[in-house]
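Worksheet: one structure, shown below.
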Amino acid sequence: MQAERILAGDVRALARAATAVENHTAEAEALLAELYPRTGRATIIGVTGPPGVGKSTLVDQLTRALRAEGKTVGILAVDPSSPFSGGAILGDRIRMQQHHADGGVFIRSMATRGQMGGLARGTLEMALLLDAAGREAILIETVGVGQDEVEIARLADVTLVVLVPGMGDDVQAIKAGIMEIADVFAINKSDQAGAERLEQELRAMLLLASDHGRMETPIVKTVASEGKGIGELLAAVRSVKDKKIRNSESLWMARLREMLRERLLERMPAEALRDGAEAVAARRANPYEVVGEWLRRWYPDRG
Ligand SMILES: Nc1nc2c(ncn2[C@@H]2O[C@H](COP(=O)(O)OP(=O)(O)O)[C@@H](O)[C@H]2O)c(=O)[nH]1
Ligand SMILES: [Mg+2]
């Protein structure tokens, strides 16, 4: 019954479900299982980059542009650094208040509770929920380029990496992480000096990596605080998405494989994992036989 209300776009049912998903409750799992067949329609856009580059401002502007087209939007603000939910994103909350009266914009901030990899999983589940609720675009803002963020970026159909002029060596420092996940670069704060140079540096980097087809990665200059370049940015995101759909059987395969793996590991009895690790550490068993034994125990047909 709750599922029906969510599918019908009921915002209050969605909000309640989002809280359940965030808390990983049993009801949330049952709900997601029921909703799952109705997912796979939303466009998921990841927005990542160092703190202060204007990610939230860009998300806000992209949201306005999408709303102007009549599209419904879900926003997930993910802050791995915040020890308590939403604490560090208070400023964003205030900025986003303008959207609060608009039922077409659903906003959630998420923070890790210290569990490794849990953030990526929680984010995927939240995105699935928003997708089932009929949100046409889901914008996921993440800070920096740590492991969690790379995983979260992989959830997205299109990952937008935001940089600003004057980062200097920072571009070099983060390049390893961003090169593999960036589908589109936004050079935000292009009202400030150095935007041209940053663009040249990026193009040079992309050229070096051109064997991966990265040369075609769009670079769009924006001034998010003034709403400049937003149309071009959205167009670049869409063209990348179309290209990706043509090039891959399903954008969903990788992220679902990851989800299945996590679920499987989670369901494994903790004591089995602990006992196995102890046996291997004490050299009473080798890793191969431990895994072999697990497989025989849980998948007897394949032993
Ligand atoms: N000059 C300038 N400032 C901007 C631009 N975009 C955002 N800002 C400002 O940069 C600051 C950080 O923006 P925010 O969106 O919170 O960055 P985030 O930490 O990446 O989410 C805010 O004060 C914004 O008003 C821009 O294009 N030009
Ligand atoms: Mg932000």
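Label separation (residue 8 vs residue 286): 6.1 nm, computed from points 7 Å beyond Cα along the C-beta direction. Taking a straight Cα-Cα cut-off under 15 Å and skipping sequence neighbours fewer than 8 places away in the same chain, the aspartates and glutamates within cross-link reach of residue 71 are 60, 102, 131, 136.
Sequence-ordered 3J(HN,Hα) estimates for segment 218-228 from the Karplus curve with 6.51, -1.76 and 1.60 and θ = phi - 60° stand at x, 10, 10, 8, 9, 10, 4, 5, 10, x, 8 Hz, glycine and proline given as x.
Each 10 Å bin from 0 upward holds the following percent of the Cα-Cα pairs of segment 1-84: 14, 38, 36, 13, 0.
Here the 3J(HN,Hα) profile of segment 199-206, calculated from phi with Karplus coefficients 6.51, -1.76 and 1.60 at θ = phi - 60°, is 4, 4, 4, 4, 4, 5, 4, 5 Hz, Gly and Pro shown as x. In plain terms, the chain from residue 244 to residue 200 could stretch by 13.3 nm, reckoned as 0.36 nm per residue minus the Cα-Cα distance. Around the amide H of residue 44, modelled in the peptide plane, lie the amide H atoms of 138, 157, 158, all under 5 Å away and 5 or more residues distant in sequence or on another chain.
Treating r as the C-beta distance of residue 19 and residue 294 and R0 as 30 Å, the FRET efficiency rounds to 0.30.
Of the residues 45, 31, 7, the one whose Cα sits farthest toward the positive end of the charge dipole of segment 1-82, with +1 on the Cβ of Lys and Arg and -1 on the Cβ of Asp and Glu, is 45.
Which shape class applies to segment 259-302: rounded if a/c is under 1.5, otherwise prolate when a/b exceeds b/c and oblate if not, where a ≥ b ≥ c are the square roots of the Cα gyration tensor eigenvalues? It comes out oblate by the Cα gyration axes. Phi angles across segment 270-278 convert, under the Karplus curve 6.51 cos²θ - 1.76 cosθ + 1.60 with θ = phi - 60°, into 3J(HN,Hα) values of 4, 5, 5, 5, 5, 4, x, 5, 5 Hz, Gly and Pro given as x.
Since every read-out is calculated from the coordinates, none of them should be taken as a lab result. Treat the numbers as computed from the prediction; the structure is a model and nothing was measured. Neighbour counts run over all protein chains shown; Cβ positions are idealised from the backbone, glycine included.
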